[in-house]
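Data block below; observations after.
All of the numbers you see were taken from the coordinates with simple rules; none came from a lab. The model shown is predicted, which means the values in this text are computed figures rather than measured ones. So basically every Cβ, Gly included, is an ideal-geometry build from the backbone, and we count neighbours across all protein chains shown.
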Ligand SMILES: [Fe+2]
Ligand SMILES: [Fe+2]
C-alpha cells in the first residue's frame, strides 16, 4: 500500500509535469512537507494523551519541515507556483496526503517513515536528473536570494538539526543556481537517512536530536 501511494503520486507528477520542472518541484515540495506535519500531529496527540513523550522527535521533524519549507520558497522564487492550477493541485494533494499519513502513522509509524523514505528517494532522483540535464545552463544562472539567505545566514541551528550524514557541520557553497539545486538534492539525501534511522527497531531509545548532546543519533546509522 505504501509503495502504491508513492507510485501514484510519482505517476501523476511525471505525467502532468513532464516538461515543466519548476511547477513539478513546486508540487513535490508542497507535498514533501506534509508527512512531517502529520508525524508532528500524531506525536503531539501521544503527548496529550500521556502515552509517549518524545520531544526530540518533534524537533527533528520540525527541522525537516523547515528545510522543505525553504526548498519550497526557493522554487517559488523561481516561479514554480505561478499558475493557479498548479497551486490548486499541490494543495489538494497535500490535504489528502496529510490525512492518509496521519492514519498510517497512528497505525504504524514505521510504515509512515517508509513512505517518506520512498518519497524522499523520488525527490533525490528528480533533482539529480534535472542537474545532470541542465548543468551548463544552471551554472550560468544566479542563485535566488532566499537560497543565499537560507544556506548562509538563515537559521543554521535548524539546518544542522535535520542533518544526519555529516560528522562536521555542513555549509554548502552557493555561487549559482547549480549550487542551489545540488544543495537541495543533498538535503533530500539527508532526509532519506533520517527516515531510515526512524525505522530502526530501537529508534525509540536511540534517536535523539543533534543538539541533544553526546548521543548524536545519525552516527549510529551510516
Ligand atoms: Fe525538498
Ligand atoms: Fe524532501
- prompt: Which whole-number percent is the relative contact order of segment 135-199 (Cα, under 8 Å, 6+ apart)?
  reply: 44 percent
- line: To the nearest 10 degrees, the tilt of helix 55-77 (Cα long axis) against the first principal axis of the alpha carbons of the chain is 10 degrees
- prompt: If you stretched the chain out fully between residue 175 and residue 77, how much longer would it get, using 0.36 nm times the residue separation minus the C-alpha to C-alpha distance?
  reply: 33.6 nm
message: Output the 0 to 90 degree angle, nearest 10, between the alpha-carbon long axis of helix 2-16 and the longest principal axis computed from the alpha carbons of the chain.
response: 10 degrees
message: Given points 7 Å out from each Cα along the Cα-Cβ axis, report the residue 20 to residue 212 separation in nanometres with one decimal.
response: 4.2 nm
query: Among 170, 211, 202, which one moves the most in a GNM of the chain with springs linking Cα atoms closer than 10 Å?
result: 202
message: Using 5 Å bins from zero, what percent of all Cα-Cα pairs in the chain falls into each bin?
response: 1, 7, 14, 20, 20, 17, 12, 7, 2, 1, 0
- request: Could you grab the relative contact order for segment 2-220? Cα pairs under 8 Å, six or more apart, rounded to a whole percent.
  value: 24 percent
message: Starting from 0.36 nm per residue, how many nanometres of slack lie between residue 200 and residue 54 once their C-alpha separation is accounted for?
response: 51.0 nm
message: Using a 10 Å cut-off around each Cβ, can you sort 104, 27 from fewest to most neighbouring Cβ atoms?
response: 104, 27
field: Burial ranking of peptide ranges 121-128, 2-9 (average Cβ count within 10 Å, highest at the top)
entry: 121-128, 2-9
message: Nearest 10 degrees is fine. How inclined is helix 34-49 to the longest principal axis of the chain, computing both from alpha carbons?
response: 20 degrees
- line: Cβ density ranking, 10 Å radius, fewest first, applied to 183, 140 yields 140, 183
